[in-house]
1. Report, by residue number, each residue of region 140-154 that is surrounded by fewer than 19 Cβ atoms within 10 Å (Cβ to Cβ) and either among the basic types (Lys, Arg) or on the phi > 0 side of the Ramachandran plot (or both).
2. When region 273-297 is examined, which residues are found to be under 14 Å from Ser331 (Cα atoms), among the aliphatic types (A, V, I, L, M) and not in a strand (DSSP E or B)?
3. Being touching a residue at least 24 places away in the same chain (Cβ under 8 Å), loosely packed, with under 12 Cβ neighbours inside 10 Å and part of a loop (DSSP other than H, G, I, E, B) is the filter here, so list the residues in region 45-77 that pass it.
4. If the requirement is being in contact with a helix residue (DSSP H, G or I) (Cβ under 8 Å, 6 or more places away or on another chain) and of a type outside the set (D, E, K, R), which of these qualifies: Asn81, Asn77?
5. If you go through region 336-349, how many residues are surrounded by 15 or more Cβ atoms within 10 Å (Cβ to Cβ) and either under 38 Å from the mean Cα position of the chain (by Cα) or not assigned by TED's automatic domain parsing to the domain that holds Lys303 (or both)?
6. Could you pull out the residue among Glu210, Glu137, Glu170 that is among the acidic types (Asp, Glu) and either farther than 25 Å from His358 by Cα or buried (at least 16 other Cβ atoms within 10 Å of the Cβ) (or both)?
Amino acid sequence: MVKQSLLFLCLIFSMATSWAVTFESSIDRSKISEGESLILTVRYNNNILSGSPDFSPLKQQFEVLNQQRKNSFQFVNGQSNSWTVWTVHLMPKRLGNLVIPSLSFKGETSAVIQVQVEKLSNSIKSQQQKEVFFHTEIDVKTAYVQGQILYSEKLYYSVQLDNNQLSDVEVDEAVVQSLGGVKSYRIQLNGRTLGVFERNYAIYPQVSGELIIPGPRYTGEVDNGRWRAGRPVRASHPPLKIQVLPQPANYPQATWLPAQALSLDYKWQGKTESLILGEPLTLQIELKAQGLSQAQLPDIILKPTKGFKYYPDQAKTQDLTTDKGIMGVRSQSIAIVPTEIGSHTLPEVRIPWWNTQHGRIEYAVIPAQRLTTFDNGQNKDNQPSTPLPDTLPATAANDSDARYSEQTSILWPVISLILLILWLITLGLWWSTQIKKPLMEPTNSLPGVKNPRLKDIRQACRNNDAHQARSHILSWAREQWSLESNSLNALALQINDPTLATALQELDNSLFSPLANDSWQGEYLWQLISAHKPGKKMAASALSPLYPTEASRS
């Protein structure tokens, strides 16, 4: 009965999520070099049993290398989400600005995506015969203090690597911020297929003068198979130097904002054509700066003026990662309360910033607003009205927002009440079944599994949680054999059970290999571990791979 109730709840939540189904496409990189592949991710916010979008329009400008599909469901804190994701590996057919066209599925349509394919750098072509080599880039030759520098680092390899170690990106007198994780893809270069690991960073110099970005260093081994020692391999790249300019002397006495672009937007909540004495009106302001982090953005302050009092809420800030680096966002809501009857001017908001692309001062401005306040009991028709500036939102839009807010405020409490009742019914059914159960050991406990580590491994494997399974298996091996390594490959090499060793390597592949399938199933591995008879204490010295590749499969 409990299972049926839970199934009913899942169906209800699935129906609720389907009300707001969206279909969207995204790519891992919008700027690539010739010969490089890219990954198109298409997401439909609902689980489907059959069918898929028509990907044939992609073949006009891209070669479709691979296509995978995955269904997911999540139920957390009373919130249900389900989605279907298609992952498509694409290879561009030509240089220039390409287009991933709009895709359609079940009445939903995705947006068009632009892809820029550039000519491959000559420095990469000149090193293509090497087993492992680096290529680094920065987006500007000169920068301003506290201004953004985009740094890209690519490691190319034509052999199978293991036991990888890559130096961290650390720059003296600068703040370094990662732009996402490591990206892995393939490149076709004169008939050869090379693997690429790419890292991107935003660097903010804190002092003027010469800035040195240290060259990356790689150490690892060429994988020679399971039973043969790897051959050491190293690669490095010279440092990059960049000139950092100081803050210009003609910049005003204000927060220093060196940005590529900066915008200051606002909107009103409530009717602005006639204010009521003592009744608040909310002004929402949003500051966006391309090339600055949220920590660099200033507070948004309204100048005091006659006729109004301000009550600002706590600002909300965030950093967005875009193709141009970091975009800092600061959102501020200010409640404005009229304190006097009549027409008064709300002063302008003016924020200076330095345009790093054109080398000049610019200003982001919210213009002054002329607002009229009426007495609460006064006839507004007898009062003179002051026309609003063109910059104010239309009255019709405000009225529409108000009606929508009223409808939404009624709808969601009803939905929440229904979900609460269903949850209470399910809880009651579960409680009634628990009362009837005799006090005994849980039925899912296995005899002989007394080691807490083994219980953790069993639970992670049966949950198909590859990350937790790897962590618990390594902890178990450290206790059982005093394993000193942090690598499943090292453990597999020293286990006297070839079947178990292969299963451990497959677990590592599912986590780290660029071409591995992420739908790992752990029951088979658990059965092998539970049947394994511990041997004598082992010694291990392998290093944990930073970027394991297909070599782990051999």
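1. Lys141
2. Ala295, Leu297, listed by residue number.
3. Gly51, Asp54
4. Numbers: Asn77 fails: in contact with a helix residue (DSSP H, G or I) (Cβ under 8 Å, 6 or more places away or on another chain).
After ruling out the rest, the residue left standing is Asn81.
5. Residues that pass the stated criteria total 2.
6. Glu170
Residue-by-condition table, conditions (1) under 30 Å from Trp423 (Cα atoms); (2) at pLDDT 85 or above:
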| residue | (1), (2) |
| --- | --- |
| Ser52 | no, no |
| Glu63 | no, yes |
| Gln74 | yes, no |
| Asn97 | no, yes |
| Glu118 | no, yes |
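Quick grid of which residues meet (1) of a type in the set (Gly, Ala, Ser); (2) out of contact with any Asp or Glu (no Cβ under 9 Å at 6 or more places or on another chain); (3) under 30 Å from Ser30 (Cβ atoms); (4) modelled with pLDDT of 95 or more:
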position: Pro304; (1), (2), (3), (4): no, yes, no, no
position: Thr322; (1), (2), (3), (4): no, yes, yes, no
position: Phe374; (1), (2), (3), (4): no, yes, no, no
position: Ser385; (1), (2), (3), (4): yes, no, no, no
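The values are calculated or read from the model by the stated rules, or taken from the named source; none is laboratory data. Fair warning: this is a prediction, and the values are worked out from it, not measured in the lab. Here the Cβ is made from the backbone with ideal geometry for all residues, glycine too, and neighbour counts use every protein chain on show.
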